[in-house]
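Visitor: Here you go, one structure.
The values are calculated or read from the model by the stated rules, or taken from the named source; none is laboratory data. Quantities reported herein were computed from a predicted structural model and do not represent experimental measurements. Neighbour counts are summed over all protein chains in view; Cβ atoms, including those assigned to glycine, are modelled from backbone coordinates with ideal geometry. All accessible areas refer to the heavy atoms of the entire protein, side chains included, with ligands and DNA or RNA removed. Shrake-Rupley method; radii C 1.70, N 1.55, O 1.52, S 1.80 Å.
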Amino acid sequence: MERLQKVIAASGVTSRRKAEELIISGKVRVNGNVVKELGTKVAGDDIVEVDGATISRDNAKVYFLLNKPRGVITSVSDDKDRPVVIDYINTDKRIYPVGRLDYDTTGLVILTNDGELANILMHPSNNIEKTYIAKIEGILNKDDVDRLKSGILIDDRKVNVVRFKIKEKNYEKSTSLIEITIVEGRNHIVKRLFEELRKPVIRLTRVGIAFLTTEGLKSGEYRELSIKEVKKLYSLK
């Protein structure tokens, strides 16, 4: 069961706020009956009409932003019966994660049933920025910094670092905290970057995808993307 205004907005007819106005004004029917209460919930087989037109429930697109915890698989299922990202999302839609995060990497994952948007976000030509916080072994020296600035070859392909910042140096423990932004989508690419510098990653978190951040999301929490955010993601094509 989902709130009526959420179902209307997810169908793409209008925004959730406008859907609420339509409900209050008596322009929405459920199974032929006018509904004016915003708290009304509808089932998957209920027929919803807005201004006399039946909305399509099957094509309703949904978009979620999850702060993935450590030890969770970025997939819809796992043959070892480990927890997967969709376990954290309360929806009856068949959603899937856009891209991957390693089992031991935490941070942002977008989940949706919108294949077109997923393709935009994953296609290399769109240069979607992804920002990570990496705790690494050792302290970056001048040569390391120069190599990051100029780009590092991995499997004969240069990985261009959009920007990076040394957030913390711990000389006592010989560790560093680095914020790094790349547009790469290859598996384990951030870990492999620092391996090339002989500075293995101890802990890795993705804190940004394009303009989206972990702000307001604790580990294991998720939220729906707004219509404005979805449109902005589409504009990245």
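Visitor: Given the criteria open to solvent by less than 80 Å² (accessible area, probe 1.4 Å), modelled with pLDDT of 90 or more and of a type in the set (D, E, K, R), does Glu137 qualify?
Guide: Numbers: open to solvent by less than 80 Å² (accessible area, probe 1.4 Å): no; modelled with pLDDT of 90 or more: yes; of a type in the set (D, E, K, R): yes.
No.
Visitor: Return yes when Ile73 is under 18 Å from the mean Cα position of the chain (by Cα), over 18 Å from Val207 (Cα atoms) and among the hydrophobic types (A, V, I, L, M, F, W, C) and no when it is not.
Guide: No, not satisfied.
Visitor: Now for a separate question. Go through (1) open to solvent by 30 Å² or more (accessible area, probe 1.4 Å); (2) over 26 Å from the mean Cα position of the chain (by Cα); (3) within 20 Å of Asp102 (Cβ to Cβ) for Val183 and report which single condition fails.
Guide: Val183 satisfies all of (1) open to solvent by 30 Å² or more (accessible area, probe 1.4 Å); (2) over 26 Å from the mean Cα position of the chain (by Cα); (3) within 20 Å of Asp102 (Cβ to Cβ) except (2).
Visitor: Same structure again: Residues of the range 186-197 being open to solvent by 60 Å² or more (accessible area, probe 1.4 Å) and closer than 17 Å to Thr105 by Cβ, which ones?
Guide: Matches in the range 186-197: Asn187, His188, Arg192, Glu195.
Visitor: Can you name the condition, by its number, that Val85 falls short on among (1) surrounded by fewer than 19 Cβ atoms within 10 Å (Cβ to Cβ); (2) of a type in the set (A, V, I, L, M, F, W, C); (3) closer than 30 Å to Ile189 by Cα?
Guide: Condition not satisfied by Val85: (1).
Visitor: Say whether the condition of being touching a residue at least 12 places away in the same chain (Cβ under 8 Å) and closer than 17 Å to Pro124 by Cβ is met by at least one residue in the range 168-175. Lay out the reasoning, then the answer.
Guide: Restricting attention to the range 168-175, the residues satisfying the condition of being touching a residue at least 12 places away in the same chain (Cβ under 8 Å) are 169, 171, 174-175.
Of the ones still in play, those that are also closer than 17 Å to Pro124 by Cβ are none.
No, the conditions are met nowhere in the range 168-175.
Visitor: Which residue, of Lys18, Lys68, is surrounded by 16 or more Cβ atoms within 10 Å (Cβ to Cβ) and charged (D, E, K, R)?
Guide: Lys68
Visitor: Only one of Lys68, Lys93, Lys80 is more than 19 Å from Val161 (Cβ to Cβ) and in contact with a Pro (Cβ under 9 Å, 6 or more places away or on another chain). Can you tell me which?
Guide: Within the list Lys68, Lys93, Lys80, the selection yields Lys68.
Visitor: Open to solvent by 70 Å² or more (accessible area, probe 1.4 Å) and β-branched (Val, Ile, Thr), is that true of Ile202?
Guide: Considered against the rule, which asks whether it is open to solvent by 70 Å² or more (accessible area, probe 1.4 Å) and β-branched (Val, Ile, Thr), Ile202 comes out as yes.
Visitor: Every residue in the range 115-128 that is open to solvent by less than 60 Å² (accessible area, probe 1.4 Å) and touching a residue at least 24 places away in the same chain (Cβ under 8 Å), please.
Guide: The answer is Leu117, Ile120, Leu121, Asn126, Ile128.
Visitor: Another question, then. Using the structure shown, decide if Lys130 is over 26 Å from the mean Cα position of the chain (by Cα) and within 29 Å of Ser235 (Cα to Cα).
Guide: It is false that Lys130 is over 26 Å from the mean Cα position of the chain (by Cα) and within 29 Å of Ser235 (Cα to Cα).
This table checks each residue for (1) at pLDDT 95 or above; (2) under 30 Å from Arg17 (Cα atoms).
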site	(1), (2)
Gly151	no, no
Asn160	no, no
Lys167	yes, no
Thr181	yes, no
Gly185	no, no
Lys191	yes, no
Arg203	yes, no
Ile227	no, yes
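Visitor: Hey, among Lys149, Lys218, Lys169, which residue is surrounded by fewer than 16 Cβ atoms within 10 Å (Cβ to Cβ) and closer than 23 Å to Val62 by Cβ?
Guide: Going through Lys149, Lys218, Lys169 in turn, just one is surrounded by fewer than 16 Cβ atoms within 10 Å (Cβ to Cβ) and closer than 23 Å to Val62 by Cβ: Lys218.
Visitor: How many residues does the range 90-101 contain that are open to solvent by less than 40 Å² (accessible area, probe 1.4 Å), within 29 Å of Lys18 (Cβ to Cβ) and either of a type outside the set (Val, Ile, Thr) or in a strand (DSSP E or B) (or both)?
Guide: 1
Visitor: Let me spell it out: the conditions are (1) open to solvent by 60 Å² or more (accessible area, probe 1.4 Å); (2) at pLDDT 95 or above, and Tyr132 meets all of them except one. Which number is the exception?
Guide: (1)
Visitor: In this structure, does Asp46 turn out to be open to solvent by 60 Å² or more (accessible area, probe 1.4 Å) and either more than 20 Å from Lys228 (Cβ to Cβ) or of a type in the set (Ser, Thr, Tyr) (or both)?
Guide: Working: open to solvent by 60 Å² or more (accessible area, probe 1.4 Å): no; either more than 20 Å from Lys228 (Cβ to Cβ) or of a type in the set (Ser, Thr, Tyr) (or both): yes.
Against the criterion (open to solvent by 60 Å² or more (accessible area, probe 1.4 Å) and either more than 20 Å from Lys228 (Cβ to Cβ) or of a type in the set (Ser, Thr, Tyr) (or both)), Asp46 does not qualify.
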